[in-house]
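Some notes on the structure that comes next.
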Amino acid sequence: MLLARIPADLSREFHLLAQTCRKELDAVLDGLRSLIEDPKMNLPDNQTMRLRKFQQLVARLNFLETVGIAALERRNKTDEILNQLIDHIRKEISYPLLPPVVSSLSQQYFHIYPQLNLLCVPLGEADFLLHLPDLYHELAHPLVTEKYDPRVRPFQEALSKGLDLALGYIKAEQQKEERKRGPDQIEFYLLQWEKSWWKWVVEFFCDLFAVYTIGPAYVWAHFHLCAKYCDNPYQVPTLSASSHPADDARMQIMLSALQKTGFLQEKESIHQHWENFIAISGVKPEPEYLRCFPEHLLESLVQKAYEGVTALGCRIAAPDTKDPVFTILNQAWMEFWRDPTNYAKWERNAVKQLRELCASTS
C-alpha cells in the first residue's frame, strides 16, 4: 500500500508534498472503487469507457509511486540542503507562492512537477554552483500553472499577451502564404510553429523570469548547457511541434533582458562566447529559423515578461544587487572564467558558505 510508504518522520519541508500525495492517492482509490461498485460501470455499453478510466487511474498511480512517493521515501541530507536553498531564494526574490519541495532524484536535468509542487534536480547539483541558477527557471513554471491565486495573475496576463503576439504573427504569415499561394511545405511548417508557440512562450517567460531575478548567472548556465549538449542552436520543427524553442532564440531574449536590466558588460561577454560557440559548431541559421523567431517578436516577449515579473513584486536583479545567493551564484561564473584552474577550490569554499547562509536563516 503506497500510503504506508509515506514516512511518518518527515521534516517540515516535506509535509505539504506528503499531504498532496495522500490526497492524490485517495482520489485514485476512490476512482478505482467507483469502477467496481458503480452499477453504471458494469453495463456492457460502458466497458470501453471503463477500461479507459482504469488505465488513466493506473497511470496516475504510477506517477505518484515513481515521483511523489519516491521523493518522500528516499529523502536525504542533500534534499534538506536544497530545500533550505530554495526557501532562501524565495525570500530573496520575493517569490509570491510557497516554495516547491526539492528532491535530488531527477533523471531529466532540472524539472518541476507543478501538480505536486515538486522540483527535482540531478543528484550531484547541491555540491556545485554553476547550474543552480536553473532553479530560478523552474520556479517560474508554477506561476504559469497556478489556477486561482490572484498574486500570479499579472505574470499570467503578461504571458497571455505574449502568446497573442506570437500567434498573431504566425497567423499573419499564414495569410501571406495563402495570398501568394506558396509551397504547401511552408504552410505545414507554419502550422507546426503555431502549435509549438503555445509551449515556447512559457519556456521563454520562464527563461526571462530567471534572468530578471538571478541575472547573468542563468544566461551563463544556459550557454554552458548548450556547449555540452546542443547540436543545432537554430533548430526549428518541420515535421511536428516541439516543446522548447531553439537555443539561439532563447539566448537572444536572455541577452536582451540583460541589456534591459543594466548588465551591459556581462551581456557583451556572454554574447562573444556565444558567437565563438556558433562559429566552432559550424551551423548557420536557415531562412526558416529567421522566419520562425523574428527579432521584433522576441523583443516584444522580453518587454512583456519584464512587465509581468515587475507586477508580481519580485526583486529585479541589477548590477548593484547585493543579495547573498545572487552574489554567490554570479560570482561563481566570474571565478570560473577568471581562473578555471583553481575554480574547484574556490567553489568548495563558496558551497560551504552558501550552505551556512541557508542553514542560518531556515
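Brief remarks on what is shown
- The lone exception for residue 76 - which of (1) surrounded by 12 or more Cβ atoms within 10 Å (Cβ to Cβ); (2) at pLDDT 90 or above; (3) of a type outside the set (Asp, Glu); (4) out of contact with any helix residue (DSSP H, G or I) (no Cβ under 6 Å at 6 or more places or on another chain) it fails: (2)
- Checking the stated criteria, residue 245 turns out to be in a loop (DSSP other than H, G, I, E, B) and surrounded by 22 or more Cβ atoms within 10 Å (Cβ to Cβ).
- Test result for residue 354, closer than 30 Å to residue 197 by Cβ and either acidic (Asp, Glu) or in a helix (DSSP H, G or I) (or both): no
- Checked across segment 90-112, the condition of being at positive phi and modelled with pLDDT of 95 or more holds for at least one residue.
- Exactly one residue among 149, 184, 164 is surrounded by fewer than 24 Cβ atoms within 10 Å (Cβ to Cβ), acidic (Asp, Glu), out of contact with any Pro (no Cβ under 9 Å at 6 or more places or on another chain) and farther than 25 Å from residue 296 by Cα, and that residue is 184.
- When 140, 166, 126 are screened for being closer than 24 Å to residue 24 by Cα and among the small types (Gly, Ala, Ser), only 140 passes.
- Only one of 329, 301 that is under 20 Å from residue 210 (Cβ atoms) and in contact with a Phe, Trp or Tyr (Cβ under 7 Å, 6 or more places away or on another chain): 301
- Candidates 10, 29, filtered to the one that is over 30 Å from residue 310 (Cβ atoms) and at pLDDT below 90: 10
- Residues considered: 270, 278. Of these, the only one that is touching a residue at least 24 places away in the same chain (Cβ under 8 Å), aliphatic (A, V, I, L, M), surrounded by fewer than 21 Cβ atoms within 10 Å (Cβ to Cβ) and part of a helix (DSSP H, G or I) is 278.
- Scanning segment 220-242 for residues that are β-branched (Val, Ile, Thr) and crowded, with 17+ Cβ neighbours inside 10 Å yields a single hit, 236.
- Scanning segment 58-71 for residues that are of a type in the set (A, V, I, L, M) and in contact with a helix residue (DSSP H, G or I) (Cβ under 6 Å, 6 or more places away or on another chain) yields 61, 64, 69.
- Just one residue in the set 312, 297 is within 25 Å of the chain's Cα centre (by Cα) and under 23 Å from residue 232 (Cβ atoms); that residue is 297.
- Yes/no for residue 82 being in contact (Cβ under 8 Å) with a residue 40 or more places away in the chain and surrounded by fewer than 18 Cβ atoms within 10 Å (Cβ to Cβ): no
The values are calculated or read from the model by the stated rules, or taken from the named source; none is laboratory data. A quick note: this is a predicted structure, and the numbers were derived from the prediction, not measured. Heads up, the Cβs are rebuilt from the backbone with ideal geometry, glycines too, and the neighbour counts pull from every protein chain shown.
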